[in-house]
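No value in this document is a laboratory result; all are computed from the given coordinates. None of these values were measured; they are calculated from a predicted model. Neighbour counts run over all protein chains shown; Cβ positions are idealised from the backbone, glycine included.
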Amino acid sequence: MTLLEPETSEQLAEFPVRPGRKRDHTRDPEILDAALAVLAETGYDGMTIDMVAARAKAGKATLYRRWPSKAELVIDAVACMKKVDLDPAALPDTGTLRGDMIAMIKPHSIEDSERKMQIMAGLMSMISRAPELADAANTAIIEPRAAVNRLLMRRAVARGEISADCDIETVAMISPSMATYRTLVLKKPVDRDFLVSLIDGVILPALGLGAKPAHVEPAAS
């Protein structure tokens, strides 16, 4: 199955698109959340678009027209789960790179972490069966977080906190790559302690900033 290939041609033929009719995307968030729930419960192999439609109480025609394949639905759902605002004005501006990166950490419950591990395991299963989807998954999941890191680091360069010679492109990939590895390979949650240790022990030193004294960070609201 490729990214644009429907699960079966019969499924799309069953729901012909009416010319001139605009698609209603108002229920997309509910449908994507239902897709994540089904993915976490059944894994990628056991998941079907029909199951998601039933969970979301949506018509099958709505889903098959919007997402012709299960893979497209999964990628959109996981991307929505990890969505970040790339508007520089919306990002934290504490005056230091460390402060900005710490402020980007959001609190998550143990249940949320376990659910995310199940979801990411389903995503890995999808990529292993269809390697051509790896680029799409990277664009939807890894790249948005790396893009935020680049913005924060370029801001640090502009205020003279770090050198313009720093390899921002590489360092920006450290946290999303390590978080993905921790989730998919080590089967451990990406919690606040892990992210703070990554910032202080790896990212800041890689940018030429010294280690910071250990202390308890206030949770983001």
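At-a-glance table
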| quantity | calculated |
| --- | --- |
| Electrostatic dipole magnitude of the stretch 84-206 [Cβ: Lys, Arg +1; Asp, Glu -1; Cα centre; debye, to 20] | 260 debye |
| Descending principal axes extents, the stretch 37-78, alpha-carbon based, whole Å | 23, 18, 15 |
| Residue (of Tyr181, Pro107, Met117) at the positive-pole extreme of the stretch 69-201, dipole from beta-carbon charges | Met117 |
| Distance violations [Cα-Cα > 27 Å] among Lys57/Lys188; Lys60/Lys187; Lys106/Lys187; Lys57/Lys187 | Lys57/Lys188; Lys60/Lys187; Lys57/Lys187 |
| Contour minus Cα-Cα distance for Ser177 and Arg150 (0.36 nm per residue) | 8.3 nm |
| Per-bin percent of Cα-Cα distances, the stretch 88-167 [5 Å] | 3, 13, 16, 16, 16, 14, 12, 9, 2, 0 |
